[in-house]
Amino acid sequence: MPLIGLHVSIAGGFAKAIERGEAYGCEAIQVFTKNQLQWKAPPITPSQGIAFLRALRESGIRKVVSHASYLINLAGEGVQRDKSGEALVDEIERCDQLGIGELVLHPGAHLGQGQRKGLENLREGLRDALGRTANLRVRILLETMAGQGTALGARLETLREILDGLDWNDRLGLCLDTCHLFAAGYELREECSYERLTENLEKNFGLQRIGCWHLNDSKSARGSFRDRHQHLGDGQLGLSFFSALLSDNRWEEVPLILETPKSGTGDAGNMALLRKLRGH
């Protein structure tokens, strides 16, 4: 069955993230391996890596994914793009040191250059990072985006084009965000929506390319291109899509990570709802 969990903080040390995940009954967690709003971070020491791996081994958490810094924009130009390339390589290496096999990455924004140029920059940046870390097994998961501003990746066709341009490198996959998909125009509320989307993914990517889901309801309407996360069942999506996803064994061992608001029902309430929808 799919693995349910949360994005948790690494404040106080990487091993603390495992403790926080366990406190909520997580089967999978997502972490940042550094401050997501800073370019540089102190290196991970061997003792930190060992402590994290020991805590993970002794826990009930079966999978950890990392989310790359929000600063990284491989689709941009100039100094920002250069710094983004270096930062991505560093993030891949940090994941490897912690035994984390998958890194979620926003495709970036073209910032007015146009989508064609942005995609060209993104592909070149990914090719470079993959080449420089060819000895590592960490997989980059490109996240579906809501389509705000000049952000790339709101359409699955665009993500397929990126993979095409990189010869379907084995170290590339997708992270699907339900709020982002809905905001980008995908219908997720109708009874047949789940199967229609899954068939699309299987035909155009293969389900093995989907390394993670981000589970979020949406405050904004379908096709709004607004990235506004909401508690499950309290937004525009309803619960039928989430129920179908949770009960589908095709997602065996795939992390379903909540990125819902911390206020209100919070993480505990959303985790409880996931367990209820899954049947336990």
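Taken together, the values in this text are just the output of simple stated rules run on the coordinates, not laboratory data. Just so we're clear, the structure is a prediction, and the values are computed from it rather than from any experiment. Here the Cβ positions follow ideal geometry from the backbone for every residue, glycine too, while neighbour counts run over all protein chains shown.
Within segment 179-194, the only residue that satisfies the criterion of being of a type in the set (A, V, I, L, M, F, W, C) and touching a His at 6+ places or on another chain (Cβ under 8 Å) is CYS179. Just one of the numbered conditions (1) surrounded by fewer than 16 Cβ atoms within 10 Å (Cβ to Cβ); (2) within 17 Å of the chain's Cα centre (by Cα); (3) of a type outside the set (A, V, I, L, M, F, W, C) is not true of ASP128: (2).
One line per residue, one yes/no per condition, for (1) touching a residue at least 40 places away in the same chain (Cβ under 8 Å); (2) over 27 Å from CYS179 (Cβ atoms):
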| residue | (1), (2) |
| --- | --- |
| GLY108 | yes, no |
| GLN113 | no, no |
| LEU130 | yes, yes |
| VAL138 | yes, no |
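Examine segment 147-154 for a residue that is surrounded by fewer than 23 Cβ atoms within 10 Å (Cβ to Cβ), assigned to a loop (DSSP other than H, G, I, E, B) and within 15 Å of the chain's Cα centre (by Cα), and state whether such a residue exists.
yes
THR144 meets the conditions (1) touching an Asp or Glu at 6+ places or on another chain (Cβ under 7 Å); (2) polar (S, T, N, Q); (3) surrounded by fewer than 22 Cβ atoms within 10 Å (Cβ to Cβ) in every case but one. The failed one is (3).
Out of the strands (runs of 3 or more DSSP E) lying entirely within segment 162-280, which hold 1 or more residues that are among the charged types (D, E, K, R), under 17 Å from the mean Cα position of the chain (by Cα) and crowded, with 18+ Cβ neighbours inside 10 Å?
Details: elements: 172-177, 210-215, 255-258.
In segment 162-280, the matching strands (runs of 3 or more DSSP E) lie at 172-177.
Selection of first residues in segment 82-98 that are in contact (Cβ under 8 Å) with a residue 60 or more places away in the chain and of second residues that are surrounded by fewer than 22 Cβ atoms within 10 Å (Cβ to Cβ) and of a type outside the set (A, V, I, L, M, F, W, C), restricted to Cβ pairs under 7 Å at least 6 apart or on distinct chains, gives the following pairs, ordered by first then second residue: ARG94/LYS34; LEU98/GLY49. Checked against (1) charged (D, E, K, R); (2) surrounded by 22 or more Cβ atoms within 10 Å (Cβ to Cβ); (3) more than 29 Å from ASP267 (Cβ to Cβ), GLU91 passes all but condition (3).
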